[in-house]
Amino acid sequence: MSLEESQRGVGVTEDGDLDYDELEDLLGEKVLAREEHLNAEGFVIRPDDVQDVLSTLKERAGFDHLSLLTAQEYLDRYESIYHMKKYDDPTQEVSVVVPTDKENPVSESAEPVFRTADWHEREAYDLVGIEYEDHPDLRRILLPETWQGHPLSLDYDQDKPQIVPLREHANPLQPDHKDAESDTMFLNVGPHHPATHGVLHLETVLDGEQVVDVDPDIGYLHRCEEQMCQNGTYRHQIMPYPDRWDYVSAGLLNEWSYARTAESLADIDVPEYAQVLRTLGAELCRIASHLLALGTFALDVYGDFNVIWQYAFRDREVVLNILEDLTGQRMMFNYFRLGGVVWDIPEPREEWFEKIRDFLDELPGKLAEYHDLVTGNEIYQIRCVDTGVLEPEVAKEYGVTGPAARASGIDYDLRRDDPYGYYDELDWDVVTDDGCDNFARVMVRFKEVEESAKIISQCVDLLEDWPEDERTIQANVPRTLKPEPDTEVYEAVEAAKGELGIYIRSDGTDKPARFKIRSPCFSNLQSLPEMAEGELLADLIAALGSIDIVLGEVDR
Amino acid sequence: MSSDNQHVTTAQTKTREARMGEGVDDRFNSRLREVLGSMPFILTKFDKFMNWVRGSSMFVLQFGIACCSIEMIHTYAVKHDLDRFGSGIPRASPRQADLIIVPGTIVSKFAPRMKRVYDQMPEPKFVVGMGNCTAAGGPFQEGYNVVKGAEEVIPVDIHVPGCPPRPEALIYGVVKLQERVANGESSPVVVKPYELEEFSDLPRDEVVEKLADQIDEDDLVMRYNWRNSP
Ligand code: SF4
């Protein structure tokens with residue numbers, strides 16, 4: 001290996017592109033076959049080579065980001081696909097495809113190589129039924145532990161009765177927490193609790209006030225989003241669902257993830273005018289979503305910050321009004337269409353632009369007020385500085401993305417690194433912070449609001465000057481979309497919480513055969529124990545608030 | 001203060017003294033008392049009075065499930081401010097709440113917990129179902145894991161349709177409930193197919209046999225007969 005090559009990493013050409021042949025050479029005879037996915041090439045390997053292959057790709061070729069694990073059942077086999085990327089350059093992707101036997105679907109676990117595989121494999125086991133050997137804790141994650149069958153497998157009978165128990169949770173560290181001898185106390189936080197931001201249950205073990213063990217128990221809002229999308233037709237029936245994944249008004253950001261994936265699957269080009277509209281709408285959503293994160297976080301760390309929460313909601317109302325004018329709804333926009341958006345800006349256009357400009361003009365003053373009230377406040381600083389620390393190496397292990405990753409100094413933003421929409425034509429910056437703590441995570445969000453405002457104002461200028469006869473809002477897309485059978489694609493966008501991706505496999509019909517959602521909150525939440533264990537209980541709540549999860553997206 | 005007001009105050013003071021005796025602090029003199037004049041008693045039916053009290057001040061349980069809860073928060077927050085109608089103070093404990101707004105999709109794992117929370121509320125208690133999910137499962141009605149509406153588990157007094165309903169719609173629903181409570185009207189209690197029951201009370205069938213070694217006899221369980229769901 002020449003010096004230059006080692007700097008580039010194995011498998012990268014001089015122009016910085018991926019060289020899959022070189023990667024294949026690196027893996028040697030472990031590669032049984034190669035597959036073409038639209039976003040990347042895939043290497044088919046044996047189920048007992050998973051750890052070897054993944055760690056070679058991670059250590060030698062620099063694929064340090066296990067973005068997603070897709071599990072699915074075919075007529076003749078089960079399949080796990082590990083979608084890998086690089087934090088340095090997310091356009092460099094590779095899929096590792098692991099087919100397993102139909103009778104005995106056992107595959108080696110990737111957990112020793114990537115911590116994040118833990119939850120992803122549990123989900124694959126839960127919903128599809130593949131078993132992972134060597135997995136530290138292979139139990140159901142989304143469905144109740146007494147569930148019968150695997151709902152996304154082919155022969156699942158949805159009409160079968162199910163029984164769900166309501167019983168006490170056991171202390172995982174000591175057999176009986178009521179025992180006089182025991183030092184620890186078991187504490188349930190949630191599933192109905194104001195600080196969990198929804199229906200999340202944290203099984204927490206305390207020693208005094210210190211958290212010794214915390215295990216997030218999710219699935220209280222698992223409403224079958226993937227099944228719903230698999231039952232819907234590409235053209236119109238799927239788009240309403242993404243609005244409901246991350247439902248804190250991040251709707252357009254989510255819709256974009258589906259739009260991007262389906263457009264890449266069906267090879268649809270989006271007119272520029274529509275891209276600007278999308279960019280504008282999406283950034284408004286980001287502001288609304290970040291404001292909610294800030295408001296609720298302030299409330300979580302210190303009850304008297306109620307007023308900030310009220311302020312955040314006051315400002316969100318303004319954003320929601322603007323979005324309602326554009327889309328017709330306050331939260332569930334359903335505004336994107338494959339190939340564009342559903343309609344143009346409401347008339348009179350000037351009035352709407354004026355509304356946005358007013359909001360943008362007032363924003364700096366409002367942000368200054370927030371900073372006065374929150375980040376400059378001593379109590380707040382004591383609660384947030386150096387608590388909930390997440391080191392960048394640890395964050396990468398868990399596939400953490402979004403503001404949570406950027407606050408750990410990971411310079412990763414798909415809007416810039418894997419450009420889509422109109423972002424690469426505009427002037428804005430990716431915000432990072434080396435603090436790695438709760439304070440940094442909140443600061444990153446504050447600054448991202450400013451950056452989003454910058455993007456929005458440029459979009460408004462562009463739209464204002466756009467010649468009237470070039471305002472194409474939608475490309476020509478056939479009424480029914482039937483992508484070629486067995487096309488596979490995985491695309492992601494930068495949503496409010498991080499990398500929101502979708503994997504689709506088509507089967508020649510007008511509905512996807514497999515629709516898999518990569519939720520940023522799912523991966524981010526998995527890193528919570530790293531931030532909270534050893535800290536005080538109050539800091540656990542702060543850490544949870546600072547990663548800003550939304551359960552609709554965690555559970556899907 | 002104008003002399004006119006002064007005059008009124010003097011007259012009021014007189015009626016108050018007649019009612020409560022001399023030297024009572026001005027602060028005890030409420031508007032309502034002025035209306036009642038020197039009469040120290042009012043005559044009404046006890047139940048009517050209680051209903052009026054109940055309907056005029058309701059404590060809502062702080063309870064969020066899914067997307068609808070975001071609009072519910074907007075309903076509590078500035079601009080819409082549900083508290084204007086006397087029902088905007090969310091209580092964190094079910095034991096202090098009169099009203100539960102159910103804002104979101106209910107799935108199999110959550111329904112038993114929701115039922116437990118509902119059971120912990122003291123009587124009389126009222127339920128507002130917010131959104132299509134609580135009405136019938138909403139957009140997720142066909143999901144393998146989704147309970148087809150809150151009414152499968154607890155009785156619901158008012159349904160507010162929408163996905164999500166606007167804050168104005170929720171306010172309308174809550175105020176409507178308050179009005180009905182004040183008038184002493186209530187909804188008929190509907191049959192709830194899904195109950196919490198002891199495992200040993202379930203009819204022995206295939207699923208029960210299968211789970212017998214995982215669930216204790218006296219564990220509480222909820223059994224979902226998906227086939228018979230609406
Ligand atoms: S009714 Fe609509 S908005 Fe409300 S919880 Fe259901 S999906 Fe979400």
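What follows is calculated from the coordinates using simple rules that are stated; it is not laboratory data. Everything numeric in this text was worked out from a predicted model, so none of it was measured. Positions of Cβ are backbone-derived with ideal geometry, glycine not excepted, and every protein chain shown enters the neighbour counts.
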Neighbourhood net charge (9 Å Cβ-Cβ; Lys/Arg +1, Asp/Glu -1) for A:Arg441: -1
Computed FRET value (nearest 0.05) for A:Asp486 with A:Asp89, which takes r as the C-beta separation and R₀ as 25 Å: 0.35
Alpha-carbon centroids, region A:309-358 and region B:207-221: separation in whole Å: 51
16 Å tail of the calculated P(r), region B:152-230, as % of Cα pairs: 66
Full-extension gain in nm, B:Ile89 to B:Lys176, via 0.36 nm per residue minus C-alpha separation: 29.6 nm
Contour minus Cα-Cα distance for A:Glu168 and A:Arg479 (0.36 nm per residue): 106.7 nm
Added length on full extension, which subtracts the Cα-Cα distance from 0.36 nm per residue, A:Val307 to A:Asp207: 32.7 nm
Folded to 0 to 90 degrees: helix B:3-20 orientation relative to chain B principal axis, Cα: 70
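Give me Rg over Rh for region A:252-329, both radii from the alpha carbons and Rh done the Kirkwood way, two decimal places.
Working: Rg = 16.1 Å, Rh = 14.2 Å.
Rg/Rh: 1.14.
Can you give the charge dipole size of the protein assembly as shown about its Cα centre, rounded to the nearest 20 debye, using +1 on the beta carbon of Lys and Arg and -1 on the beta carbon of Asp and Glu? All intermediate terms of the calculation are to be shown ahead of the outcome.
Working: 77 positive and 150 negative charges, 1002 e Å.
With Lys and Arg at +1 and Asp and Glu at -1, about 4820 debye.
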Hydrodynamic radius by Kirkwood, which averages 1/r over all alpha carbon pairs of region B:31-158, in angstrom: 16.2
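Under the classification rounded if a/c is under 1.5, otherwise prolate if a/b is larger than b/c and oblate if not, where does region B:50-112 fall, given a ≥ b ≥ c as square roots of the Cα gyration tensor eigenvalues?
Details: a/c = 2.60, a/b = 1.36, b/c = 1.91.
Taking the square roots of the gyration eigenvalues as a ≥ b ≥ c, region B:50-112 is oblate.
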Cα shape, region A:331-385, gyration tensor, a/c 1.5 rule: oblate
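At a Förster distance of 60 Å, what's the computed FRET efficiency of A:Glu347 paired with B:Lys192, Cβ-Cβ distance as r, to 0.05? Please list the in-between numbers first.
Numbers: r = 50 Å, r/R0 = 0.83.
After rounding to 0.05, the efficiency reads 0.75.
Please compare each pair in B:Lys125/B:Lys176; A:Lys355/B:Lys79; B:Lys48/B:Lys125; A:Lys160/B:Lys109; A:Lys86/A:Lys511; B:Lys14/B:Lys45 to a cut-off of 20 Å on the Cα-Cα distance and tell me which ones are over it. Show your work: numbers first, answer last.
Numbers: B:Lys125/B:Lys176 15 Å; A:Lys355/B:Lys79 18 Å; B:Lys48/B:Lys125 17 Å; A:Lys160/B:Lys109 16 Å; A:Lys86/A:Lys511 31 Å; B:Lys14/B:Lys45 29 Å.
In this structure, A:Lys86/A:Lys511; B:Lys14/B:Lys45 exceed 20 Å between Cα atoms.
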Highest-MSF residue in chain B out of B:Gly173, B:Gly143, B:Gly64 [GNM, Cα springs under 10 Å]: B:Gly143
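Share of Cα-Cα pairs in chain A beyond 46 Å, in percent? Numbers along the way, then the final one.
On the way: 18326 of 154290 pairs.
Every Cα pair in chain A considered, those over 46 Å come to 12 percent.
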Residues of region B:145-182 with amide N under 15 Å of the 7 Å Cα→Cβ point at B:Asp47: B:181-182
Calculated FRET efficiency for the pair A:Arg139/A:Asn104, C-beta based, R₀ 22 Å, to 0.05: 0.70
Interchain or long-range residues, amide H under 5 Å from A:Asn39's placed H: A:Tyr490
Kyte-Doolittle mean at least 1.6, axial Cα span of 18 Å or more - DSSP H helices of chain A: none
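Counting only other residues whose beta carbon sits under 14 Å from that of B:Ala111, what net charge do I get with K and R as +1, D and E as -1?
Local net charge: +3.
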For region A:362-518, alpha-carbon Rg relative to the globular expectation (2.2 N^0.38 Å, N residues): 1.34
Label-point gap, in nm, between B:Arg227 and A:Arg471 - each point 7 angstrom along Cα→Cβ: 5.7
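Longest span of chain B, sites excluded, free of GluC sites (Glu not before Pro) in DSSP loop with at most 16 other C-beta atoms within 10 Å? Working shown, then result.
Details: sites that count: B:Glu22, B:Glu142, B:Glu185, B:Glu195, B:Glu217.
Here the longest segment lacking exposed loop sites spans B:23-141.
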Debye log10 I(q)/I(0) for region A:22-133, one point scatterer per Cα, at q = 0.14, 0.21 Å⁻¹: -0.50, -1.16
